[in-house]
Amino acid sequence: MTILKTNIIGLVAAAMIVSVPVSAKIPKLKANNIDEVIKAMTIEEKADLIVGARMYHQDENAAPHIKESWKVVPGAAGRVNPVPRVGIPCVVLSDGPAGCGILPVEGEENYFCTHFPIETLLSSTWDVDLVKNVGEVIGNEAKEYGVDVLLAPAVNIHRHPLCGRNFEYFSEDPLLTGKMAVAYVDGVQSNDIGTSVKHFAANNQETNRMNNNTIVSPRALREIYLKAFEMVVKESQPWTIMSSYNRINNVYASENPELITTLLRDEWGFKGAVMTDWWGGADGAAQMIAGNDMIEPGTKEQAAHIINGVKNGTLDEAIVDRNVRRILELIVKTPRFKGYKYANNPDMKAHAVITRQSATEGMILLKNDNQALPLSSKDRNVALFGAVSYNFFSGGTGSGDINRPYVVSLLDGLKNQHIVVDDNIKAIYQAYNKPKEQGEQKRVEEMPMDTAIIKYAAQNNDMAIITFGRISGEYIDRVSSDFFLSETEQELVKNVTRIFHNENKKVVVVLNIGGVIETQSWKDMPDAILLSWQAGQEGGNSVADILTGHANPSGKLPMTFPVTLSDHWSSLNFPIDQKIDRRWSVKTGLTHDTKNVDYTVYEEGIYVGYRWFDTKNLQVSYPFGYGLSYTTFEYGRPSVKRDGEKVIIEVAIKNTGKVAGKEVVQLYVEAPHGKLDKPVHELKSFGKTKLLQPGESQMITLSVNPDDLASFDEETSAWVTDGGKYKFVVAASSRNPRGDVMVDVSPSTRKVNNVLNLPAAFKK
């Protein structure tokens with residue numbers, strides 16, 4: 001994060017002195033007297049409320065009430081300043097989304113928070129009920145630790161595999177992202193605490209994130225990058241939205257009235273408060289005018305700027321009052337305002353069970369030749385290769401990290417399932433791995449392994465498991481070398497598979513990663529590949545549950561695994577291997593110095609992920625929606641019916657295998673040719689079966705509204721649904737159709753606001 005530079009004039013220490021008006025009776029905040037409280041507040045108090053509580057390192061000379069607020073929830077990302085004179089309490093904001101992001105307190109272990117799976121894994125479940133349940137548990141834990149608003153979920157799109165924060169995001173597809181976000185928000189807010197859906201909007205790279213100018217068409221914005229936000233606002237009404245760091249078509253997101261007011265509030269009907277990302281934007285006054293209510297985490301200088309602006313007439317106090325009103329409307333809903341007595345003692349044991357179960361649902365079986373998995377009764381002695389096997393990554397770094405009480409490694413998970421791990425191999429890796437402090441997660445460079453040691457292992461064990469790990473986080477994007485296996489990793493998988501196969505013994509690869517890696521060049525070597533993602537604190541147990549067959553994998557890919565990076569159209573416009581450190585830099589002027597650093601052109605438009613690969617029929621390593629199971633499923637013939645203009649598709653799914661399992665059913669739609677170019681197909685609905693026993697069937701119902709079929713026409717600023725015959729395809733992945741029906745759809749047009757247009761220099 002950076003220290004925000006603002007165009008502040010006339011800062012004076014006296015600006016923070018509160019001038020209390022003479023009044024016979026001072027109102028205390030209630031749910032029904034917000035306007036009265038606003039009238040009673042001084043401009044100093046209003047400014048202090050808007051800018052939030054300062055961070056620890058910023059305010060050594062802070063007022064006593066601010067210092068006290070720091071102690072409320074240690075490690076919380078931010079706080080809304082209290083105003084005791086009018087009964088406004090401190091409100092606590094905590095990082096997410098893989099759990100409640102606060103600090104443990106030495107000697108008080110109960111301050112640790114449960115580390116849940118990363119959002120990418122959660123979306124891999126394709127199970128909205130499961131994600132809602134995870135949200136409920138995270139929300140409960142946050143509430144019991146005294147948190148009022150969870151800064152989650154993150155609903156930005158996987159535009160490119162190397163984005164450093166992809167692990168915090170759900171998917172490359174806006175519909176899947178939106179459905180997951182709705183479920184997460186509904187779950188968290190069922191605890192009567194708030195969420196802050198982030199990062200609004202088009203925040204899809206970390207390189208120069210504070211200043212990068214996203215150049216993107218209104219159509220791509222509407223159909224890809226804003227769609228999930230629109231869904232969650234209309235279906236769940238999150239308490240807050242967090243504006244993103246980046247500019248969009250020359251204007252900072254946090255300073256853009258078209259984005260925050262015209263679109264978000266007027267068009268979508270958002271009722272809550274908008275806050276900046278931490279130190280985001282450049283002009284606090286412009287942020288407030290645009291409709292960005294809370295400037296987080298706030299500085300004394302920003303508060304003084306507001307005060308001086310009102311006093312000298314450059315900032316209308318009516319705007320200040322509007323923003324304060326929205327903040328107070330948020331505050332009166334919080335547990336702290338309502339007097340909730342949190343106990344700092346959530347049910348951590350129960351939550352550990354839930355994170356373990358949820359993680360198994362999102363793990364994806366990419367390969368399973370000759371039923372290599374699950375492990376048989378003969379596979380009890382395992383040679384465990386890969387440094388990360390012994391030091392599992394539970395999640396990413398930065399604000400998406402969690403101070404967890406422990407992390408179960410794959411070694412521990414296998415031992416808990418009574419699998420014997422070769423002690424000699426274990427000792428080699430444990431000597432190689434350096435001890436780690438709590439919360440520290442860095443990429444582990446793989447250790448070279450002598451072939452003589454591998455031969456010994458093959459002769460003395462029943463099978464081999466290799467784990468490859470990757471980790472990323474805030475501030476910087478991944479580099480291309482992180483996408484490919486290193487030479488050492490290549491040699492490891494090549495030598496282990498060759499030597500173990502010579503002994504007629506199988507090899508399984510586990511991918512403990514937060515983002516996509518290259519698999520095409522080596523996937524033919526091992527017998528099985530399990531994509532475990534980063535599964536939270538119980539990750540090793542969850543993986544072991546899958547490997548041993550205690551759980552049947554049912555996850556499906558929420559993004560495409562390409563053959564190589566250059567196959568992504570977005571690779572032409574992404575800061576691949578840009579060696580530039582602008583983590584702490586902020587520029588207040590608009591520049592076009594360095595392509596993909598100072599500005600990034602979303603030249604691919606709507607052709608993100610499978611929309612590009614499938615339309616161009618490009619070879620992929622694994623397609624969007626792909627995933628195997630230990631059982632097999634038969635798809636019945638889909639049928640169609642109408643409920644008004646709504647299209648309802650029904651299909652029977654039967655478990656034709658020998659073990660219980662779940663299947664994800666996906667519905668893609670192929671549109672007729674019209675005025676606008678369109679992808680060959682797009683995901684429009686999905687569902688997941690219950691746990692089907694062998695021979696059991698379930699009818700899955702998938703529905704699509706006419707608006708779901710619309711494309712955005714920039715010329716008319718309208719959502720347009722072409723009339724004609726649409727093919728509705730029931731599928732097991734984007735490239736595995738199982739049946740289809742043709743449906744007649746009536747044309748329709750829905751006008752919306754003409755906003756967020758491309759700068760003239762980038763218009764065709």
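The values are calculated or read from the model by the stated rules, or taken from the named source; none is laboratory data. Note that the structure is a prediction, hence the values are computed from the model and not measured. Because the Cβ atoms are built from the backbone with ideal geometry, glycine has one as well, and the counts that use them run over all protein chains shown.
Being small (G, A, S) and touching a strand residue (DSSP E or B) at 6+ places or on another chain (Cβ under 7 Å): is that true of A273 here?
Details: small (G, A, S): yes; touching a strand residue (DSSP E or B) at 6+ places or on another chain (Cβ under 7 Å): yes.
Yes.
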Flagged pairs (Cβ under 9 angstrom, 6 or more apart or on separate chains; first in segment 599-610, of a type in the set (A, V, I, L, M); second at pLDDT below 95 and surrounded by fewer than 24 Cβ atoms within 10 Å (Cβ to Cβ)) are V601/K595; V601/F762
I260 vs (1) β-branched (V, I, T); (2) under 23 Å from N754 (Cα atoms); (3) over 23 Å from the mean Cα position of the chain (by Cα): all pass except (3)
Listed by first then second residue, the pairs whose first member lies in segment 423-439 and is farther than 10 Å from Y390 by Cβ, whose partner is modelled with pLDDT under 95, with beta carbons under 7 Å and at least 6 positions apart or on separate chains, are K436/N391; Q438/N403; G439/D401; G439/N403
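For (1) under 20 Å from C113 (Cα atoms); (2) of a type outside the set (G, A, S); (3) in contact with a helix residue (DSSP H, G or I) (Cβ under 6 Å, 6 or more places away or on another chain), each residue gets a yes or a no:
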site	(1), (2), (3)
V147	yes, yes, no
L151	yes, yes, no
A154	yes, no, yes
L162	no, yes, no
Search result, residues across segment 232-248 that are part of a strand (DSSP E or B) and of a type in the set (K, R) | R247
Check segment 526-546 and report whether any residue there is under 23 Å from D450 (Cα atoms), part of a helix (DSSP H, G or I), at pLDDT 95 or above and assigned by TED's automatic domain parsing to the domain that holds P562.
-> no
Among residues of segment 163-175, those that are more than 15 Å from W533 (Cβ to Cβ) and either assigned to a helix (DSSP H, G or I) or aliphatic (A, V, I, L, M) (or both), counted | 2
Would you check which residues across segment 620-647 are assigned to a loop (DSSP other than H, G, I, E, B), more than 21 Å from the chain's Cα centre (by Cα), touching a residue at least 40 places away in the same chain (Cβ under 8 Å) and under 20 Å from I364 (Cα atoms) and list them?
-> S629, Y630, T631
Taking segment 268-297 on its own, how many of its residues are of a type outside the set (G, A, S) and under 20 Å from the mean Cα position of the chain (by Cα)?
-> 5
Tell me, yes or no, whether segment 186-194 has at least one residue that is hydroxyl-bearing (S, T, Y), modelled with pLDDT of 95 or more and farther than 21 Å from L264 by Cβ.
-> yes
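Do we have any residue at all in segment 698-712 that's of a type in the set (D, E) and over 28 Å from the mean Cα position of the chain (by Cα)?
Initial filter on segment 698-712 (of a type in the set (D, E)): 707-708.
Checking the rest, the ones that are also over 28 Å from the mean Cα position of the chain (by Cα) come to none.
No, every residue in segment 698-712 fails to be of a type in the set (D, E) and over 28 Å from the mean Cα position of the chain (by Cα).
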Could you list, in sequence order, all residues of segment 698-719 that are of a type in the set (V, I, T) and either under 19 Å from S639 (Cβ atoms) or part of a helix (DSSP H, G or I) (or both)?
-> I700, T701, V704
Can you tell which of G78, G99, G87, G135 is of a type in the set (G, A, S) and over 19 Å from V197 (Cβ atoms)?
-> G87
When every residue in segment 372-390 that is touching a residue at least 60 places away in the same chain (Cβ under 8 Å) and not hydrophobic (A, V, I, L, M, F, W, C) is compared, the one nearest to A528 (Cα to Cα) is P374
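Could you please give the count of residues in segment 492-516 that are among the β-branched types (V, I, T) and either in contact with an Asp or Glu (Cβ under 7 Å, 6 or more places away or on another chain) or surrounded by fewer than 19 Cβ atoms within 10 Å (Cβ to Cβ) (or both)?
Kept after step one, since they are among the β-branched types (V, I, T), are these residues of segment 492-516: 493, 496-497, 499, 507-510, 513, 516.
Subsequent filtering for residues that are either in contact with an Asp or Glu (Cβ under 7 Å, 6 or more places away or on another chain) or surrounded by fewer than 19 Cβ atoms within 10 Å (Cβ to Cβ) (or both) retains 507-508.
Count: 2.
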Please report, ordered by residue number, the helices (runs of 4 or more DSSP H) entirely within segment 375-491 with at least 1 residues that are more than 30 Å from D567 (Cβ to Cβ).
-> 410-416, 423-432, 451-460
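Confirm whether G695 is closer than 16 Å to T632 by Cα and not hydrophobic (A, V, I, L, M, F, W, C).
Details: closer than 16 Å to T632 by Cα: yes; not hydrophobic (A, V, I, L, M, F, W, C): yes.
The answer is yes for G695.
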Being within 24 Å of D95 (Cβ to Cβ), in the same structural domain as D527 (by TED's automatic domain parsing) and not polar (S, T, N, Q), is that true of even one residue in segment 450-462?
-> no
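Being closer than 14 Å to T355 by Cα and not polar (S, T, N, Q): is that true of A528 here? It would help to see each step written out before you state the result.
Working: closer than 14 Å to T355 by Cα: no; not polar (S, T, N, Q): yes.
For A528, the condition - closer than 14 Å to T355 by Cα and not polar (S, T, N, Q) - is not met.
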Every listed condition ((1) of a type in the set (D, E, K, R); (2) surrounded by fewer than 21 Cβ atoms within 10 Å (Cβ to Cβ); (3) touching a strand residue (DSSP E or B) at 6+ places or on another chain (Cβ under 8 Å)) holds for E296 save (2)
